[in-house]
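This report concerns only the one structure given below.
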Amino acid sequence: MIYLDNSATTPLSEYVKQETVKALDIFGNPSSLHALGVASKKALDSARVDVCRALGIRSPHPDELIFTGSGTEANCLAILGSAKAKKRRDATVIITTDSEHPSVDNAVEQTRELGFEPVKLPTRNGVLDLDALDTVLNSGKKVFMITLMLVNNETGALYDVKTAFARVKKKFPDAITHCDAIQGFMKIPFTPQTIGADLVTVSSHKIHGPKGVGALYVSPAITKTKKLVPIVFGGGQEHGMRSGTENLLGILGFAAAARESYATLKDDVSKMTALRDLLEEGLSGIDDVKLNIPRGTRAPHILSCTMPSIKSETMLHFLSSEGICVSSGSACSSHAKEPSRPLVSFGLTPHDADCTLRLSLSRYNTESDVTAVVNAIKNGCDRLVRIK
């Protein structure tokens, strides 16, 4: 089986498997005061430091990282937790893009009920429209928050969040900056400070860790000014920001994945970039394939391609029968009846969006994988177009 759907989820690394097995013996509740509880709390604190280190935070305060049940939950906490903490309504504009992940897009839409006004910036050809941002900033309305993804999960476009956040902060110093970095974490070197983010979302299962664990970085300035409130209530775990007994096994697996990925980041990025370029070169030689390459900077692990004569679902099933796993888009919207919103925002027609595959790499892929995938897609195009 050749797996090129790493943007949907990644396989557990052998190191993470080994560390997770060790963690099975750490079963105490971190909130318990006896010896087993204290041991679990110590392991939890150590895991928090490991994930923070991967984010470039050397000496984190305990409340700088909140563990959640998923990246989706972390995005919702960042957006709705900030919106609900807002007492005054003088600043009501929430800036985002037209190609965000559903967990951000839907959370932003929910803020309308709280009196906020979402504004979406275009991302045509994978480029964040900074002129449109300037228009919003000079509209006379005050900006409450800007929430932007670092890497688009369907096209691989790397958005210039650093410039966007800086422009917003210059005009509205109190505005909150949130980055959904789930697809960029351990793929693009960055820290919350280098991109100017108050809040950053990351996820375990995109970096060869277990599913069911996400995290939200919260800057000390946000905590100090109480600009974030919980959206899940209960026993007050995670410093009161995310109640519920911590998924310690998953969190320790997440920490192991963060340690490993952080140690190999430079080599991983180099390898994935080379494989993506090789994949791109191979697919560019197939007449029925059109590559959707972002006009600006892009991530090393994602390549989008369109076969206008073949529905993506048809090609996906053909490749699956050949032992190759790819995606027709975001796994979170793969069953949607409407064409992919990010692909249409990129500039594809609804028809072409419905004929598009996403190929996403990891450090475990090889040149032989790429060669096999290119040959399979070529054979699929020849056979399926002929049948049609």
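Every read-out reported here was derived from the displayed coordinates using simple, explicitly stated rules and does not represent laboratory data. Here the structure is a predicted model, which means the values were calculated and not measured. Positions of Cβ are backbone-derived with ideal geometry, glycine not excepted, and every protein chain shown enters the neighbour counts.
One table, with the values for the structure above:
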quantity	calculated
In order through the range 363-380: 3J(HN,Hα) via Karplus (6.51 cos²θ - 1.76 cosθ + 1.60), integer Hz, x for Gly, Pro	5, 8, 6, 10, 5, 5, 4, 4, 4, 5, 5, 4, 5, 5, 5, 4, 5, x
Reciprocal of mean inverse Cα separation for the range 337-388 (Kirkwood radius, Å)	13.2 Å
Alpha-carbon centroids, the range 148-180 and the range 338-366: separation in whole Å	22 Å
P(r) weight above 21 Å for the range 245-388, C-alpha pairs, percent	49 percent
Taking H301, H208, H317 and counting other C-beta atoms within 10 Å, the order from fewest to most	H317, H208, H301
Likely footprinting exposure, I286, I377, fewest C-beta neighbours within 10 Å first	I286, I377
Computed over the range 40-156, the ratio Rg/Rh where both radii use C-alpha atoms and Rh is Kirkwood	1.03
For the range 14-258, the spread of Cα positions along each principal axis, largest first, Å	58, 37, 29
Stokes-Einstein D for the range 194-303, Kirkwood Rh over Cα pairs, 25 °C, 0.890 mPa s (µm²/s)	141 µm²/s
Nonlocal amide H pairs with I324, under 5 Å, H built at 1.01 Å	I2
The range 49-89: trypsin sites (Lys or Arg not before Pro) falling in loop per DSSP and having at most 13 other Cβ within 10 Å	R58, K87, R88, R89
Ranked packing of 104-111, 267-274, most packed first, by mean Cβ within 10 Å	104-111, 267-274
Sparsely packed trypsin sites (Lys or Arg not before Pro) within the range 287-326, loop by DSSP, other Cβ within 10 Å at most 13	R295
From phi via Karplus (6.51, -1.76, 1.60), per-residue ³J(HN,Hα) for the range 239-254 in Hz, x at Gly/Pro	6, x, 9, 8, 5, x, 4, 4, 6, 4, 4, x, 5, 5, x, 4
Members of K141/K227; K41/K226; K17/K162; K170/K227; K17/K290; K169/K211 lying beyond 30 Å, as alpha-carbon distances in this model show	K17/K162; K17/K290; K169/K211
Highest-fluctuation residue, G209, G126, G56 considered, GNM on the chain with Cα pairs under 10 Å	G56
